[in-house]
Amino acid sequence: MPGFGDIVQKAFYLGVGLASYAGEKAGGKLAELRSQVQKLADEMVAKGEMTTDEARRFVEDMMKQAQQPQSSGAATDKTQPAEPRRIEILEEDEQPTAKDSSSDDDDVNGLRSQVLELQEELKRLQRDE
């Protein structure tokens, strides 16, 4: 029968293994988020909606926010929509309708809200693991 020391040692190794695994998963999610935020910033720079310096700061700020611990789970649950948001895909030759066209500020704010939603989802996924 294994001694108490063996059980403690195995429990310690299990804890270290779980912590390592969780760290790897979180690092992968952060890398994925960074890629998505960078792509979004690159698109905004290409459209002339922000400068390269603003894009760099935007990516850095988003990554800092994603790495901060979540303050309250109850607040984020209220912001989650009851059903998935509908996404309209336009063909390249299609022009947006009057309903779809909005000012540049609305587009930027919409993109920022999408990034914030993605961050909240990432935090929720990290909590669930």
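No lab work stands behind these numbers, since they all come straight from the coordinates. These numbers were taken from a predicted model, which means no experiment stands behind them. Here the Cβ positions follow ideal geometry from the backbone for every residue, glycine too, while neighbour counts run over all protein chains shown.
Give me the net charge for the shell around Leu30: Cβ to Cβ below 12 angstrom, other residues only, Lys and Arg +1, Asp and Glu -1. Residues near Leu30 contribute +3 overall. Per-residue extension of 0.36 nm, minus the Cα-Cα distance of Glu88 and Glu49, leaves a gain of 11.9 nm for this segment.
For the cross-link pairs Lys25/Lys64; Lys39/Lys123; Lys47/Lys123, the ones whose C-alpha atoms lie over 26 Å apart are Lys47/Lys123.
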